[in-house]
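Visitor: I'd like to ask some things about the structure below.
Bear in mind that the values in this text are calculations on the coordinates, not laboratory data. Every value quoted in this text rests on a predicted model; they were computed, and no experiment measured them. Virtual Cβ from ideal backbone geometry, glycine too; neighbours counted across all protein chains shown.
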Amino acid sequence: MFLATFNTSKLYGARNKWHSRYWPFKIFILILSMLLPFVFPSDYIQLYGEFARFGAGVFLLLQLVSVIEFITWWNNYWMPDEERKQSCFFGLFMSTIFYIASICGIILMYYLYTSRSTCYLNIFFITWTAILLLVMMAISLHSKVNRGLLSSGIMASYVVFLCWSAIRSEPADAKCNSHEQTGNSDWTTILSFLIAICAIVMATFSTGIDSQSFQFRKDVVQQEDDVPYNYGFFHLVFSLGAMYFAMLFISWNLQKSAKMWSIDIGWTSTWVKIVNEWFAAAIYSWKLIAPVLRQNKVMNHEEAGQHTNDSNLP
């Protein structure tokens with residue numbers, strides 16, 4: 001679908017019909033694509049697994065950018081101004097809720113996953129997450145940035161969620177992990193994974209449609225007969241999302257079969273989510289700092305030009 005809809009620009013073209021119609025034929029292709037891998041040699045499946053591992057990492061990065069763009073939009077929408085006085089109260093209320101949830105999440109993780117003083121890795125994960133929250137809040141409240149608390153509060157909750165998800169992915173035999181992978185917790189494993197699937201599907205849709213966040217030029221004028229979003233990018237994101245799903249089911253491990261009720265469990269899954277958390281905090285912090293750095297660079301360039309002009313005066 002990515003190759004067939006790449007660079008589609010007009011609504012009345014044949015590729016636009018292929019994107020939005022012919023569902024019986026697409027369902028047939030879907031069923032065929034699900035059956036054919038059973039007759040493929042295992043070497044080809046292993047090769048796709050290596051490729052899918054890379055594609056899943058790219059999907060996580062694209063998802064991070066899309067999530068941060070949404071947080072930025074939400075923060076700008078609820079920024080207080082003279083025309084919407086009620087938005088100031090709502091923004092302050094929501095930022096307080098998000099920060100309280102983040103602090104409670106940090107405390108709860110300390111209580112559940114650092115039961116022993118030898119749980120150095122979990123202590124490091126949680127403590128570093130708390131430090132990231134303080135850094136993001138300090139940058140957001142800096143006088144030159146002045147982005148308020150709402151965006152940093154939402155991002156704080158997201159980062160805490162990623163940390164919790166990473167710790168939850170630790171193997172059941174890890175002494176510092178309080179949850180037990182027993183028959184009684186099978187239903188919680190399935191329920192949490194179904195919730196994760198719904199969240200990833202929603203993130204995939206939003207990321208696929210939000211192609212403007214990944215454009216270098218955003219001054220292109222939209223025509224009436226132009227497609228509402230980039231079809232090729234939409235299908236590319238879904239293919240990367242499918243690779244991410246595949247990695248979840250095998251816990252990012254291509255060498256061993258996943259155990260029963262161990263979906264997304266393993267040290268590889270843990271480290272992937274932790275690195276994803278660190279990337280999220282780094283990208284968000286950079287989006288806060290970058291406009292200030294560009295502004296300082298422009299001001300320094302103008303001052304240098306003004307100094308040069310003054311020195312040339314008789």
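Visitor: Could you check the spin-label model distance between residue 246 and residue 100? Points 7 Å from the Cα along Cα→Cβ, value in nm.
Guide: With each label point 7 Å from Cα toward Cβ, the separation is 4.5 nm.
Visitor: So, one more: Given R₀ = 41 Å, FRET efficiency for residue 93-residue 239 by Cβ-Cβ distance, to 0.05?
Guide: 0.55
Visitor: Residue by residue, what Karplus-based ³J(HN,Hα) values in Hz, rounded to whole numbers, does region 11-22 have, using 6.51, -1.76 and 1.60 with θ = phi - 60° and x for Gly and Pro?
Guide: Going residue by residue, I get 6, 9, x, 5, 6, 5, 5, 5, 5, 10, 10, 6 Hz, with x marking Gly and Pro.
Visitor: Under 5 Å between amide hydrogens, which residues at least 5 positions from residue 227 or on another chain qualify, with H placed 1.01 Å from N in the peptide plane?
Guide: 10, 11
Visitor: A further question follows. Explain nothing, just compute: Karplus ³J(HN,Hα) = 6.51 cos²θ - 1.76 cosθ + 1.60, θ = phi - 60°, for every residue of region 42-52 in order, whole Hz, x for Gly and Pro.
Guide: 5, 4, 5, 5, 5, 5, 5, x, 5, 5, 5
Visitor: To continue, here is another question. Starting at the first residue of region 274-290, write each ³J(HN,Hα) from the Karplus equation 6.51 cos²θ - 1.76 cosθ + 1.60 with θ = phi - 60°, in whole Hz, x for Gly and Pro.
Guide: 5, 4, 4, 4, 5, 4, 4, 5, 5, 5, 5, 4, 5, 5, 7, 7, 4
Visitor: Note down the nm distance, to one decimal, between modelled labels 7 Å out along Cα→Cβ at residue 267 and at residue 254.
Guide: 2.0 nm
Visitor: How would 284, 244, 99, 44 line up from fewest to most surrounding beta-carbon atoms within 10 angstrom?
Guide: 44, 99, 244, 284
Visitor: To continue, here is another question. Based on other C-beta atoms within 10 Å, arrange 104, 119 from fewest to most.
Guide: The fewest-first ordering by Cβ neighbours comes to 104, 119.
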